[in-house]
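K.L.:
Mind looking over this structure? Questions follow.
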Amino acid sequence: MYTVLAFCAHPDDIEESCGGTLLKCKARGDRVVICHFSDGDMGHVVIEPEVLGPMRCKEAKNSADLAGFECIYAGFHDLSVYAETKEARDMVVDVIREVDPDFIITHAPNDYMCDHNAVSKLTFDASFTATVPHYKTKVDKVARLTPIYYMQTACGVDFKPTEYVDITEFIDKKLEMTECHVSQMSWLREHDNIDFPEMVRTEARYYGYQCGAEYAECFDMCRAYLRGTTKRYLP
Amino acid sequence: MYTVLAITTHPDDMEINCAGTLLKCKERGDRVVVCHLCNGNMGHEIIMPEELAEMRANEAKTSGAMVGFEVFWGGFDDVAIYADNKEARDKVVDVIREVDPDFIITHDPNDYMPDHVATSKLVFDASFTATVPHYKTKVDKVARLTPIYYMDNLAGVGFEPTEFVDVTEHIDKKLEMLECHASQVVWMRDHDNIDFPDMVKT
């Protein structure tokens with residue numbers, strides 16, 4: 001049906017913020033592609049980056065395989081994603097040109113830490129740039145200009161949802177995917193004092209209350225010229 | 001009366017968003033200066049960038065000359081302008097120091113594409129920097145810190161106006177200036193599926 005391309009900063013961001021929605025997309029026949037910018041190499045109090053990076057890429061792949069999603073790693077490292085570089089923008093342009101999605105999901109511009117916000121800006125900038133025929137990058141194609149859906153910020157702080165997706169049918173799978181990120185269960189407990197699966201379930205239940213579903217995820221559409229649509233792309 | 005400096009991104013952005021207002025400024029005796037930061041070189045599906053940049057420079061000059069605006073150039077290529085960049089900021093500082101405006105018009109910070117967003121931030125940052133005496137750039141003057149007016153976003157999406165200008169008397173001239181940008185009438189039809197003059201008039 002559609003091709004959806006979801007960008008996120010770190011392995012596990014997708015599962016928390018839009019995993020259920022993507023599972024629902026897959027169930028209706030969409031092609032689902034995830035691209036995580038960074039390998040999450042800084043996300044542990046004990047395990048060193050050179051070890052953690054590959055470990056987290058594998059966790060991301062395990063989770064994607066569970067769901068039948070394609071998984072792309074953009075090649076960055078934690079706390080080293082900068083929006084204002086041609087190199088980063090061109091990398092994202094190439095992913096968009098290669099996948100040629102019907103709609104894009106990414107982080108909200110005002111999320112909780114710099115990598116997420118950089119990804120948000122890079123997505124916005126690159127998705128326009130990818131449509132400009134004479135702007136040449138490695139991938140020799142021109143993408144279409146598509147709507148962008150911003151997924152909830154971490155824990156929904158300062159996020160105003162305008163769209164909801166009922167993910168009740170997919171909550172167990174979403175949590176199973178979340179638990180593929182074994183390294184993060186301990187990082188979040190030690191760095192943030194948080195039980196990760198419990199937090200993810202609570203967020204989905206909370207958004208469910210906001211829209212009359214048992215479990216839900218929420219989004220805010222990017223508002224800009226040419227980004228509006230009369231279609232509902234979300235499942 | 002006043003000197004107004006409109007710093008916009010691509011040739012034709014000025015016509016879309018503030019030409020009517022600038023025409024009214026000119027009419028009341030202001031000095032009107034427009035600075036196009038980008039050369040518009042990517043704005044066509046067929047015409048190649050090098051050729052298009054020259055073509056669009058001529059389109060902008062024609063439009064400006066028609067109405068007596070001074071035209072400055074930033075020299076950036078399309079989709080190649082970054083706000084967090086000293087070289088870019090200094091270039092804008094120099095334009096502001098050279099012109100020394102009483103007020104500035106530029107793009108809104110949440111306009112629809114990256115070059116416009118970068119322009120907005122560059123203008124905000126440079127207009128302060130230009131007032132700092134020991135910050136040295138090519139132009140050896142110090143500008144005054146002035147109000148900045150953000151123009152409407154393209155199609156007004158996400159824009160909350162707080163000021164309006166009646167441009168009724170100048171609408172025909174504004175559209176005449178817009179039509180100088182012949183290459184863009186084609187680009188907007190092919191890339192955006194839009195009748196450009198009709199959209200601007202509406």
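K.L.:
Could you pull out every one of the helices (runs of 4 or more DSSP H) wholly within the stretch A:157-235 that has 1 or more residues that are at positive phi, within 14 Å of chain B (Cβ to nearest Cβ) and open to solvent by less than 70 Å² (accessible area, probe 1.4 Å)? I'd like the intermediate steps shown before the answer.
P.N.:
On the way: elements: A:171-178, A:182-192, A:196-211.
In the stretch A:157-235, no matching helices (runs of 4 or more DSSP H) lie anywhere.
K.L.:
Another question about this same structure. In the stretch B:1-110, which strands (runs of 3 or more DSSP E) lie fully inside it and hold 1 or more residues that are touching a Ser or Thr at 6+ places or on another chain (Cβ under 7 Å)? Working first, answer last.
P.N.:
On the way: elements: B:3-8, B:31-38, B:70-76, B:103-107.
Ranges flagged: B:3-8, B:31-38, B:103-107.
K.L.:
Is there any pair linking a residue in the stretch A:42-66 that is farther than 17 Å from A:LEU79 by Cα to one that is outside any helix (DSSP H, G or I) and aromatic (Phe, Trp, Tyr), with Cβ under 8 Å and at least six apart or on different chains, and which?
P.N.:
A:ALA60/A:TYR73
K.L.:
Filter the stretch B:1-47 for residues that are surrounded by 24 or more Cβ atoms within 10 Å (Cβ to Cβ), touching a Pro at 6+ places or on another chain (Cβ under 7 Å) and either free of Cβ contacts under 8 Å to residues at least 24 places away in the same chain or among the β-branched types (Val, Ile, Thr) (or both) and give the result.
P.N.:
Correct list: B:VAL4 only.
K.L.:
Of the conditions (1) away from every other protein chain (no Cβ under 14 Å); (2) under 19 Å from the mean Cα position of the chain (by Cα); (3) closer than 26 Å to B:VAL67 by Cα, B:VAL200 fails just one. Which one is it?
P.N.:
(1)
K.L.:
I'd like the full set of residues that are in contact with a Lys or Arg (Cβ under 8 Å, 6 or more places away or on another chain) and within 14 Å of chain A (Cβ to nearest Cβ), limited to the stretch B:18-47.
P.N.:
Across the stretch B:18-47, the qualifying residues are B:ASN39, B:GLY40, B:ASN41, B:GLY43.
K.L.:
If you take the residues of the stretch A:78-94 that are touching a helix residue (DSSP H, G or I) at 6+ places or on another chain (Cβ under 7 Å) and open to solvent by 40 Å² or more (accessible area, probe 1.4 Å), which of them is nearest to A:GLN184 (Cα to Cα)? Walk me through it before giving the result.
P.N.:
Of the residues in the stretch A:78-94, the ones touching a helix residue (DSSP H, G or I) at 6+ places or on another chain (Cβ under 7 Å) are A:78-79, A:81-83, A:88-89, A:92-93.
Next, only the ones that are open to solvent by 40 Å² or more (accessible area, probe 1.4 Å) stay: A:79, A:82.
On the way: A:LEU79: 17, A:TYR82: 23 Å.
So, considering only residues that are touching a helix residue (DSSP H, G or I) at 6+ places or on another chain (Cβ under 7 Å) and open to solvent by 40 Å² or more (accessible area, probe 1.4 Å), the one nearest to A:GLN184 (Cα to Cα) is A:LEU79.
K.L.:
If you don't mind, there's one more thing I want to ask. Return a yes/no flag: does the stretch A:133-140 have any residue that is open to solvent by 70 Å² or more (accessible area, probe 1.4 Å) and away from every other protein chain (no Cβ under 14 Å). If you could, list the steps in order and put the result at the bottom.
P.N.:
Here is the first cut: in the stretch A:133-140, the ones open to solvent by 70 Å² or more (accessible area, probe 1.4 Å) are A:136, A:138, A:140.
If we keep only those that are away from every other protein chain (no Cβ under 14 Å) as well, we get A:138, A:140.
Yes, some residue in the stretch A:133-140 is open to solvent by 70 Å² or more (accessible area, probe 1.4 Å) and away from every other protein chain (no Cβ under 14 Å).
K.L.:
List, please: which pairs have Cβ atoms under 7 Å, are six or more places apart or on different chains, and start with a residue in the stretch B:169-187 that is within 16 Å of B:CYS18 (Cβ to Cβ) and end with one that is outside any helix (DSSP H, G or I)?
P.N.:
Short answer, once both residue conditions are applied: B:LYS174/B:VAL167; B:LEU178/B:ASP12; B:HIS181/B:PRO11; B:HIS181/B:ASP12.
K.L.:
Could you give me the residue pairs with C-beta distances under 6 Å whose first residue belongs to the stretch A:223-235 and is modelled with pLDDT of 95 or more, whose second residue is open to solvent by 30 Å² or more (accessible area, probe 1.4 Å) and part of a loop (DSSP other than H, G, I, E, B) wherever it lies, and which are 6+ apart or on separate chains?
P.N.:
Close Cβ pairs (under 6 Å, with a partner that is open to solvent by 30 Å² or more (accessible area, probe 1.4 Å) and part of a loop (DSSP other than H, G, I, E, B)) amount to A:PRO235/A:ARG28.
K.L.:
Any idea which of A:MET55, A:MET42 is touching a helix residue (DSSP H, G or I) at 6+ places or on another chain (Cβ under 7 Å), modelled with pLDDT under 95 and crowded, with 16+ Cβ neighbours inside 10 Å? Give the derivation first.
P.N.:
On the way: A:MET55 fails: modelled with pLDDT under 95.
The conditions single out A:MET42.
K.L.:
Quick one: in the stretch A:102-145, which of the residues that are assigned to a loop (DSSP other than H, G, I, E, B) and either in contact with a Pro (Cβ under 6 Å, 6 or more places away or on another chain) or of a type in the set (Phe, Trp, Tyr) (or both) is farthest from A:LYS160 (Cα to Cα)?
P.N.:
We begin by selecting, within the stretch A:102-145, every residue assigned to a loop (DSSP other than H, G, I, E, B); these are A:102, A:108-113, A:130-145.
Next cut, either in contact with a Pro (Cβ under 6 Å, 6 or more places away or on another chain) or of a type in the set (Phe, Trp, Tyr) (or both) only: A:112, A:134-135, A:142.
Numbers: A:TYR112: 14, A:HIS134: 37, A:TYR135: 34, A:VAL142: 32 Å.
This residue is A:HIS134.
K.L.:
Out of (1) out of contact with any Ser or Thr (no Cβ under 6 Å at 6 or more places or on another chain); (2) crowded, with 24+ Cβ neighbours inside 10 Å, what's the single condition that is false for A:VAL33?
P.N.:
Of the numbered conditions (1) out of contact with any Ser or Thr (no Cβ under 6 Å at 6 or more places or on another chain); (2) crowded, with 24+ Cβ neighbours inside 10 Å, the odd one out for A:VAL33 is (2).
K.L.:
Spot the failing condition for B:PHE196; the list is (1) open to solvent by less than 80 Å² (accessible area, probe 1.4 Å); (2) modelled with pLDDT of 95 or more, and only one is missed.
P.N.:
(2)
One line per residue, one yes/no per condition, for (1) open to solvent by 70 Å² or more (accessible area, probe 1.4 Å); (2) over 24 Å from B:ALA57 (Cα atoms):
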site: B:PHE103; (1), (2): no, yes
site: B:VAL117; (1), (2): no, no
site: B:SER120; (1), (2): no, no
site: B:ASP125; (1), (2): no, yes
site: B:PHE128; (1), (2): yes, yes
site: B:TYR149; (1), (2): yes, yes
site: B:GLU176; (1), (2): yes, no
site: B:ALA182; (1), (2): no, no
site: B:MET188; (1), (2): no, no
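K.L.:
So, in the stretch B:48-61, exactly how many residues are over 15 Å from the mean Cα position of the chain (by Cα) and in contact (Cβ under 8 Å) with a residue 60 or more places away in the chain? Let's see the steps before the verdict.
P.N.:
Applying the first criterion (over 15 Å from the mean Cα position of the chain (by Cα)) to the stretch B:48-61 yields B:48-55, B:58.
The next check asks that each one be in contact (Cβ under 8 Å) with a residue 60 or more places away in the chain; those that pass are B:52, B:55.
Number of matching residues: 2.
K.L.:
Turning to a different aspect of this structure: For B:ALA80, are the conditions met, namely being under 29 Å from A:ALA118 (Cα atoms), within 14 Å of another protein chain (Cβ to nearest Cβ), open to solvent by 20 Å² or more (accessible area, probe 1.4 Å) and of a type in the set (A, V, I, L, M, F, W, C)?
P.N.:
Working: under 29 Å from A:ALA118 (Cα atoms): yes; within 14 Å of another protein chain (Cβ to nearest Cβ): yes; open to solvent by 20 Å² or more (accessible area, probe 1.4 Å): yes; of a type in the set (A, V, I, L, M, F, W, C): yes.
Judged against the criteria, B:ALA80 is a match.
K.L.:
Consider A:GLY75 against the criteria (1) at positive phi; (2) assigned to a loop (DSSP other than H, G, I, E, B): it satisfies all of them except one. Which criterion is unmet?
P.N.:
(2)
The values are calculated or read from the model by the stated rules, or taken from the named source; none is laboratory data. Treat the numbers as computed from the prediction; the structure is a model and nothing was measured. Note that each Cβ is placed from the backbone with ideal geometry, even for glycine, and that neighbours are counted across all protein chains shown. Accessible surface areas use protein heavy atoms only, side chains included; no ligands, DNA or RNA. Shrake-Rupley method; radii C 1.70, N 1.55, O 1.52, S 1.80 Å.
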